[in-house]
Amino acid sequence: MSLSIDSSSQVLENGYEHAELLSGNNDEHEGVMVNMEKPMDSKVFLTALRASISLWRKQGKRGVWIKLPIGLANLIESAVKEGFHYHHAEPDYLMLVHWISESTTSTIPANATHRVGIGAIVMNDKRELLVVQEKSGKLKGTGIWKIPTGVVDAGEDIFKAAVREVKEETNIDTEFVEILGFRQTHKSFFEKSDLFFLCMMRPLSFDVQKQELEIDAAKWMPFEEYTAQQIVEKPGFYKCITDICLAKVDGDYIGFSPRLVKSSFTDQLSYFYLNEQDSNSS
């Protein structure tokens, strides 16, 4: 529950008499969230910030977050001088944070550490694999065929991202079947870690039309022809994809399917991925 802090309050000690305070909300971790919305002179902001921090320390607050819209970038220098540092940035705002407690160690969580990607295995009844050649990236101009891949958007479920990416790159409609496995790598995009989920998809249409912006070519390829590529034959990630695909198509490998579950604390719904065949949960 968030509680509003009255911006008209005054601090009468430490030289901040009659100083206007910043308006903020208490968070669930004994911290304060300040959402700056209106333009403010940087000197006025600095005075208000110092007065507010003085009050928040007296109240036992620990972490202070300041959300600055891009239009209020003039306030960044003042906040940084008072000990704030960058936590994360989005196209329309910058989030600053400062641990103001002098008696406890900072427990401020780091910014998001991972990017999430998907790869889609789509195979038709002719044992043909849906493959593409990309116009950019490491494989540009190599002639190597690969499965459709992409990045999961913010707020997007993994299985929905797989359906979307296949449609965008090849115009093929698909139905999500399972997550067959996933890979974690580090020091990837801007030094962040990367989670890559390999998804099994069922084709619902078959007329391939490549995306002009990112895809150089797209087609259905006999699976044996795909696996005969040198990069797929040698030990490595591509070989792992081939092996798990064969295990699924020719064997009894069971991956992970999404089950809609409700949070134990709120009405929020999310997807829990599990092996339905071997699971005894209800």
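Number of residues in segment 1-26 that are open to solvent by less than 50 Å² (accessible area, probe 1.4 Å) and either outside any loop (DSSP other than H, G, I, E, B) or modelled with pLDDT of 55 or more (or both): the value is 6.
Can you say whether GLN209 is open to solvent by 40 Å² or more (accessible area, probe 1.4 Å), free of Cβ contacts under 8 Å to residues at least 60 places away in the same chain and closer than 17 Å to GLU128 by Cα, as far as the supplied structure shows?
Answer is yes for this residue.
As a summary of the residue check, LEU274 satisfies the conditions (1) without any contact (Cβ under 8 Å) to a residue 24 or more places away in the chain; (2) open to solvent by 50 Å² or more (accessible area, probe 1.4 Å) except for the one numbered (2). The residue pairs whose first member lies in segment 175-199 and is exposed (fewer than 15 other Cβ atoms within 10 Å of the Cβ), whose second member is among the aromatic types (Phe, Trp, Tyr), and whose beta carbons are closer than 6 Å, counting only pairs six or more residues apart or on different chains, are ARG183/PHE196. Please enumerate the residues belonging to segment 122-174 that are open to solvent by 50 Å² or more (accessible area, probe 1.4 Å), of a type in the set (A, V, I, L, M, F, W, C) and at pLDDT below 95. Matches in segment 122-174: ALA154 only.
For PHE189, the conditions (1) hydrophobic (A, V, I, L, M, F, W, C); (2) more than 22 Å from TYR253 (Cβ to Cβ); (3) over 17 Å from the mean Cα position of the chain (by Cα) are fulfilled apart from (3). Just one residue in the set ILE70, ILE118, ILE108 is surrounded by 11 or more Cβ atoms within 10 Å (Cβ to Cβ) and touching a Cys at 6+ places or on another chain (Cβ under 6 Å); that residue is ILE118. Quick one: which residue in ALA110, ALA120, ALA51, ALA89 is out of contact with any His (no Cβ under 8 Å at 6 or more places or on another chain) and part of a helix (DSSP H, G or I)? None of the others qualify; the one that does is ALA51. Close Cβ contacts (under 7 Å, 6 or more residues apart or on different chains) running from residues in segment 49-65 that are touching a residue at least 24 places away in the same chain (Cβ under 8 Å) and open to solvent by less than 10 Å² (accessible area, probe 1.4 Å) to residues that are among the small types (Gly, Ala, Ser) and in a helix (DSSP H, G or I) comprise LEU49/SER78; LEU49/ALA79. Within segment 103-128, the residues that satisfy the criterion of being over 26 Å from the mean Cα position of the chain (by Cα) and either in the same structural domain as ASP173 (by the TED database) or small (Gly, Ala, Ser) (or both) are SER103, MET123, ASN124, ASP125, LYS126, ARG127, GLU128. Within segment 234-249, does at least one residue satisfy the condition of being basic (Lys, Arg) and assigned to a helix (DSSP H, G or I)? Yes, segment 234-249 has at least one match.
The values are calculated or read from the model by the stated rules, or taken from the named source; none is laboratory data. From a predicted model like this one, the values you see are computed outputs, not experimental measurements. Cβ: placed from backbone, ideal geometry, glycine included. Neighbour counts: every protein chain shown. Note: areas computed on protein heavy atoms with side chains; ligands, DNA, RNA excluded. Shrake-Rupley method; radii C 1.70, N 1.55, O 1.52, S 1.80 Å.
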